[in-house]
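Chemist: Next up is a structure, given as structure tokens.
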Amino acid sequence: MRKEKGKNYIEKNHKKVEKKKRFRKTRIVFFTFFCMFCFGLIFVVSYFLGLDDWKNFNPSDVTEMDQSTIIYDSSGEEITTVYSTENRINVSLDTIPKDIVKAFLAVEDARFYEHNGVDVIRIFGSFINDIKSMSLKEGASTISQQLIKNTVLSTEKTFDRKLQEAFMAIELESAYSKDEILELYLNNVYFGGGAYGIEAASLKYFSKHASELTLLEGVALAATLKGPTHYAPDVAAENNANRRSVILSLMVENNFISQETADSVEEETLTLNKKDFSAYPHGYYTDLVLSEAESLLSISTSELLTGGYKIYTCLDTGLQNYLEETFSENDNFPANAEDGEKVQAAVVIMDPDTGAISAIMGGREYSGRRILNRAVDVRRQPGSAIKPVLVYAPAIENLNYSPTTFLLDEQADFSGYTPKNSSGKYSGWVTMREAVTKSLNVPAVKLLNYIGIDAAKTYASNVGIRFSDGDDNLTLALGGFTEGVSVLELCAAYAPFASNGYYSLPYCIEKIEKDGEVIYENESTKKNVLSAESAYLMTSMLESVVTSGTAKELSSLSMDIAAKTGTSGDTGQSYNKDAWIVSYNSEYIIGCWMGYDKTDEEHNLDSSVTGGTYPAKLVKSIYSHIYESKDTPTFTIPSGIVTADIDLKALNTNKEVLLASSLTPKSQTMTEYYKSGYAPTSYSSLWKIPKAPTDLTLYISQGGLPMLSFTTPESFAKYQLIRVDETGSKRTVGEYDYSSKQIWVTDSTADPNKTYLYYILPIHGEIISNGEPLSGSPSNTVSFPSDAQTLAN
């Protein structure tokens, strides 16, 4: 009886349970249809009441994504990536490993290739769960919908926004292929740490391109999408690992990979190799690249940083690294001021043939982006470093001056302007080579006055030197500009001397690409501003500055190198303001400036600091580094240049430019260079065979010894008195210089009882012939005692 009552109770209770289940199912179906009705109603209201974002939607809008700009060095290696707020580097879908693409599909939209933008199966399952919870927590967005949400809609979760998202996704898929949409998605999604898109994420977490990812690394990135702040592998390793397991299971479930493969990946250890995208290497050079790119493309900084450009530069990374290391060593610079402020410096290294900038430093340290670059942005007084550009090159080119053209080095007044040499000494007539080598000021000013300021400025302007309205006086010859010149400008102005007379605008960008197409490529700006012959003559004189002039510090490099130093300061001050050197060979121009940003009594260069000291030493170290393991180049002599052996004695003593004769000693011969048709044609007559005395006379002294008398006829010769004894043996009694008076000699070593012959042999001590001093014909011979005359009282 009890059993039957229990049975009836169970059956009755079962019926109640079944009735409740049926009611619950009915309620769910009712709510489903009710919500579908509401969903449709929302669509109608959205359409007619103005919620019409989807109607104005243009599918191409999803392609408008910020992309990072990448900068490369001269060898094609990436220097850095720059961006505004989103670090994104687009890559093609076919470069991403297929298994990694499937990992994203498995966890985000496994039926991606089966729906038309909205996955009805997923959305109804999600929708029912949302109804149960009376919220929109359950996600059912397809990859197309996510792409819409991330690019053209807000992330707000409302029914009307989801509806618009769905319609937009359908329209998107009618405009683009599945692969195109998937590529856009993978390049768009956020992976944390500022990395947008799979390429930036691959570089950020693993320092490799997306094409190089392993399956484990790809799954780790897919896991990160659930929420980078909670699932990124560098901030939540355990969460990422758990999420990876879920993704691998989904990949197996969808037959994307085998269980064996999933198990193998599970056993692997994830190793991060993070790339610091905040790094900004080679700041001065990178800044210059960005400025140049903005100018070339006529775009703003924001457009450049979000445009996805690839910029290929002239940067020699190894050389730039060495330059930065050199600038970090305090011993390479003068001592700091007493308050600790550093002497600043700037260096430019460029190719004289093309104008390509290989390396640059605009200060002792780089402290922030787009800061002051003293090599480019600052103009200072160049001192004597401007002389080759403004004075000597125009004189050689326009007036056909040569290195042996004489200039007068003596004080002069130019309407109240009285230039002085730094040494305070003056040498009278000097050759142009000597004036350049010794950096004499007065000859440079006189020559500029003779050339004409306008003519000089015309040439200098052609090689990039800028002038202010007040730059119209003779102080320009010594660097007296209103504003001055930059290191980059001065280096470029020296380029014609090293490149056969051609000038090129300095630049640092070779080409720029966007979306795989070259949108800018550097074209040569080379123009002829100087004849090759004039350029070489200038170079030859600047080589002398290195071998024996103010840039002698570079002479130990043992290579063909030319240079000019410059030092500037205020009149009456005991210190210097600017110290310069510009040097070059046929491969590199290296210019250096040192000084304080603002010179005053507490911040100045000691008077001992010139262009030939610290700047020259720094430049020397750079050349030593460059040619540490490669051959040094040589300067090529143009066909229009001829050589001539010049008589130095005639040049220095008589101030005459004469060819060395066959008798000119090698020590008194200098090889000089001339433009064809402008070399001297007359020979020196200073060197000749000496003549013997014609009045050799013999007397007998009171002691019975031979006494001889003669007159020396030529000032350049020496005269040897030779004695020959009875056996024919010769002995030099003495050697005598030129004298305007008669010479008397008593041979105290003679034996009064023997017979001797005497004669004079004239010798030219500076001329060597067959290894011996050149001698002329001997004088007449006198015999002792037979030819002796009576000595008058």
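Chemist: Quick one: which of Lys310/Lys630; Lys527/Lys598; Lys620/Lys649; Lys617/Lys649; Lys420/Lys552 span more than 26 angstrom between C-alpha atoms?
Modeler: Going by Cα-Cα distance, Lys310/Lys630; Lys527/Lys598; Lys620/Lys649; Lys617/Lys649 fall outside the 26 Å limit.
Chemist: Order Ile396, Ile626 by their accessible area, 1.4 angstrom probe, all chains in place, largest first.
Modeler: Ranked list, largest accessible area first: Ile626, Ile396.
Chemist: Can you tell me, using C-alpha contacts under 8 Å and at least 6 residues apart, the relative contact order of region 450-570 as a whole percent?
Modeler: Once normalised by length, the contact order is 18 percent.
Chemist: How much accessible area per residue does region 260-387 have, counting only protein heavy atoms and a probe of 1.4 Å, in square angstrom?
Modeler: Details: 5390 Å² over 128 residues.
Solvent-accessible surface per residue comes out at 42 Å².
Chemist: Please give the charge dipole size of region 407-562, origin at the Cα centre, charges +1 on K and R Cβ atoms and -1 on D and E Cβ atoms. Round to the nearest 20 debye.
Modeler: It comes to approximately 560 debye.
Chemist: Turning to a different aspect of this structure: Just the projected area, averaged over all directions, of the convex hull on the alpha carbon atoms of region 653-777: how many nm²?
Modeler: For the Cα atoms of region 653-777, the hull's average projected area reads 10.0 nm².
Chemist: If you keep only loop residues by DSSP, which trypsin sites (Lys or Arg not before Pro) in region 628-665 have at most 12 other Cβ atoms within 10 Å of their Cβ?
Modeler: Lys630, Lys655
Chemist: Rounded to a whole number, what % of the accessible area of region 550-632 do carbon and sulfur atoms account for, probe 1.4 Å?
Modeler: Here it works out to 39 percent.
Chemist: I'd like the accessible area for Val120: 1.4 Å probe, protein heavy atoms, all chains in place, Å² to the nearest 10.
Modeler: 80
Chemist: If you don't mind, another one. Calculate the dipole size of region 502-590 relative to its Cα centre from +1 charges on Lys and Arg beta carbons and -1 charges on Asp and Glu beta carbons; express the result in debye to the nearest 20. Please report the intermediate quantities before stating the final value.
Modeler: Values: 7 positive and 13 negative charges, 81 e Å.
With Lys and Arg at +1 and Asp and Glu at -1, about 380 debye.
Chemist: OK, next. Please state, as a whole number in µm²/s, the translational diffusion coefficient that the Stokes-Einstein equation yields for region 259-335 at 37 °C and 0.692 mPa s, with Rh defined as the Kirkwood radius across alpha carbon pairs.
Modeler: In µm²/s, the coefficient rounds to 195.
Chemist: Taking every DSSP beta bridge that has both residues in the chain, what percent is antiparallel when rounded to the nearest 5?
Modeler: In the chain, DSSP labels about 90 percent of beta bridges as antiparallel.
Chemist: Same structure again: Where does each of 389-395, 192-198 land if you order them by average Cβ count within 10 Å, highest first?
Modeler: Working: 389-395: 26.6, 192-198: 23.7.
Peptide ranking by packing, descending: 389-395, 192-198.
Chemist: Tell me the relative contact order for region 510-565 as a rounded percent, counting alpha carbon contacts under 8 Å between residues six or more apart.
Modeler: 23
Chemist: Can you tell which of Tyr392, Ser709, Gly76 lies farthest toward the positive end of the dipole of the chain, using +1 and -1 charges on the Cβ of basic and acidic side chains (Lys, Arg; Asp, Glu)?
Modeler: Of the listed residues, the answer is Gly76.
Chemist: Could you please put Tyr401, Tyr284, Tyr366 in sequence from largest to smallest accessible area, using a 1.4 Å probe?
Modeler: Correct descending sequence by accessible area is Tyr366, Tyr401, Tyr284.
Chemist: Ignoring ligands, DNA and RNA, what percent of the 1.4 Å accessible area of region 635-793 is carbon and sulfur? Kindly include the intermediate steps, with their values, before the conclusion.
Modeler: Numbers: 4100 of 8790 Å².
Its accessible area is 47 percent carbon and sulfur atoms.
Chemist: Return the carbon/sulfur percentage of the accessible area of region 429-513, one whole number, probe 1.4 Å, all protein chains in place.
Modeler: The C+S portion of the solvent-accessible surface of region 429-513 is 47 percent.
Chemist: By accessible area of protein heavy atoms, probe 1.4 Å, what ranking do Asp560, Asp747, Asp263 get, highest first?
Modeler: The ordering from most to least exposed comes out as Asp263, Asp560, Asp747.
Chemist: Treating region 473-625 as a set of equal point scatterers at the Cα positions, no solvent, please give the Debye-formula log₁₀ I(q)/I(0) at q = 0.13 Å⁻¹.
Modeler: -0.69
Chemist: Would you work out the charge dipole size for the chain about its Cα centre, treating the Cβ of every Lys and Arg as +1 and the Cβ of every Asp and Glu as -1, and quote it to the nearest 20 debye?
Modeler: Charge dipole, the chain, about its Cα centre: 3040 debye, nearest 20.
Chemist: Have a look at the chain and give its Rg and Dmax from the Cα atoms, expressed in angstrom.
Modeler: That works out to 45.3, 189 Å for Rg and Dmax.
Chemist: In the neighborhood of Gly479, defined by Cβ-to-Cβ distances under 10 Å, what is the net charge if each Lys or Arg adds +1 and each Asp or Glu adds -1?
Modeler: +1
Chemist: Could I ask something else about it? Tell me what the chain gives for mean residue ellipticity at 222 nm when only DSSP H runs of n ≥ 4 count, each as -39,500 (n - 2.57), the sum divided by the residue total, rounded to 500 deg cm²/dmol.
Modeler: Mean residue ellipticity, 222 nm, calculated: -10500 deg cm²/dmol.
Chemist: Accessible area of Lys691, 1.4 Å probe, to the nearest 10 Å²?
Modeler: Surface accessible to solvent at Lys691 totals approximately 130 Å².
Chemist: Moving to a separate point now. Calculate the length of the line joining the C-alpha centroid of region 512-581 to that of region 227-297, in whole Å.
Modeler: Centre-to-centre (Cα) distance: 48 Å.
Chemist: Report the full-extension gain for the segment Asp263 to Thr727: residue separation times 0.36 nm, less the Cα-Cα distance, to one decimal in nm.
Modeler: Using 0.36 nm per residue and subtracting the Cα-Cα distance, I get 155.3 nm.
Chemist: Placing +1 on the Cβ of each Lys and Arg and -1 on the Cβ of each Asp and Glu in region 557-644, which of Ile641, Thr599, Ser583 has its Cα farthest towards the positive end of the resulting dipole?
Modeler: Ile641
Chemist: For Ser685, what accessible area in Å² do you get when you roll a 1.4 Å probe over the heavy atoms of the protein chains, rounding to the nearest 10?
Modeler: 90
Chemist: For region 506-622, what is the accessible area per residue in Å², given a 1.4 Å probe and the full set of protein chains?
Modeler: On the way: 4590 Å² over 117 residues.
Computed with neighbouring chains in place, this is 39 Å² per residue.
Chemist: Now for a different question. Sticking with the crude label model, points 7 Å out along Cα→Cβ, report the distance from Asp737 to Ser298 in nm, one decimal please.
Modeler: 7.9
The values are calculated or read from the model by the stated rules, or taken from the named source; none is laboratory data. Here the structure is a predicted model, which is why all the values come from computation and not from measurement. Methodologically, a virtual Cβ is constructed for each residue, glycine included, from the backbone with ideal geometry; neighbour enumeration extends over all protein chains shown. In case anyone asks, the SASA skips ligands and DNA or RNA and just uses the protein heavy atoms, side chains included. Shrake-Rupley method; radii C 1.70, N 1.55, O 1.52, S 1.80 Å.
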